[in-house]
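Participant: Questions regarding the structure given below will be posed in turn.
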Amino acid sequence: MVETALSDAVQGHGAVQHHLLKNDYASEWMGLEVIRLDDGHATIRMTLRKEMLNGFGMAHGGMIFAFGDTAFALACNPASPTPSQARNITVASGVDINFLQPAFKGQVITAVANRRAHTGRSGLYDVQIFAADPTPVEPSADPSPDDPAGYGELIAEFRGRSRTISKK
């Protein structure tokens with residue numbers, strides 16, 4: 001199922017695509033699904049599995065961070081770059097995260113990343129991470145990125161600072 005979710009996203013079998021996921025084995029392992037991509041925006045989700053939990057039985061902070069970092073990367077880099085954009089990559093220059101509530105095995109977590117500012121080679125992005133008990137969600141019923149409360153309870157706030165650099 002993990003491989004299917006990622007390969008579908010990359011190969012375009014009805015899912016949203018982003019070229020960064022093609023060789024992203026960490027995201028493949030996490031089983032993330034891309035829900036929405038726009039310029040400066042990304043929404044992704046995944047289900048927490050037992051190997052993502054810490055000794056207290058809640059989501060490991062590193063898993064939440066990695067998940068938020070992936071949403072941040074997808075929002076920073078265009079899904080279909082122009083030839084001039086393809087010569088550059090945008091990476092994190094710094095990140096802060098605040099953990100607000102725990103999340104648990106079986107919950108679906110959703111990260112909503114939005115660009116707040118961009119000037120020159122620097123950007124500022126906010127990522128909100130939500131947790132909810134699993135329920136079927138139709139893509140057309142997904143909450144707005146401007147009002148994502150329908151994704152469940154807010155469990156973490158992630159703020160990323162980006163820097164665009166030349167691809168080597």
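The values are calculated or read from the model by the stated rules, or taken from the named source; none is laboratory data. Being a predicted model, the structure only gives us computed values, none of them experimental. Cβ placement follows ideal geometry from the backbone for every residue including glycine, while neighbour counts extend to all protein chains displayed. When the accessible area is computed, the model is the full protein with side chains, heavy atoms only, and any ligands, DNA or RNA have been set aside. Shrake-Rupley method; radii C 1.70, N 1.55, O 1.52, S 1.80 Å.
Participant: Condition first: in contact with a helix residue (DSSP H, G or I) (Cβ under 9 Å, 6 or more places away or on another chain), open to solvent by 20 Å² or more (accessible area, probe 1.4 Å) and modelled with pLDDT of 95 or more. Can you find one or more residues in the stretch 143-151 that meet it?
Facilitator: There is no residue in the stretch 143-151 that is in contact with a helix residue (DSSP H, G or I) (Cβ under 9 Å, 6 or more places away or on another chain), open to solvent by 20 Å² or more (accessible area, probe 1.4 Å) and modelled with pLDDT of 95 or more.
Participant: Provide a single number: the residues in the stretch 22-43 that are assigned to a helix (DSSP H, G or I), buried (at least 19 other Cβ atoms within 10 Å of the Cβ) and not hydrophobic (A, V, I, L, M, F, W, C).
Facilitator: 1
Participant: Going through the stretch 58-90 one residue at a time, which ones are among the aliphatic types (A, V, I, L, M), surrounded by 14 or more Cβ atoms within 10 Å (Cβ to Cβ) and over 21 Å from residue 35 (Cα atoms)?
Facilitator: Answer for the stretch 58-90, where residues must be among the aliphatic types (A, V, I, L, M), surrounded by 14 or more Cβ atoms within 10 Å (Cβ to Cβ) and over 21 Å from residue 35 (Cα atoms): 58, 59, 89.
Participant: Take residue 116 and decide whether it is farther than 14 Å from residue 155 by Cβ, open to solvent by 60 Å² or more (accessible area, probe 1.4 Å), touching a Leu at 6+ places or on another chain (Cβ under 6 Å) and in a strand (DSSP E or B).
Facilitator: Yes, satisfied.
Participant: Residues to consider are 14, 106, 94, 68; find the one that is modelled with pLDDT of 90 or more and assigned to a loop (DSSP other than H, G, I, E, B).
Facilitator: Within the list 14, 106, 94, 68, the selection yields 106.
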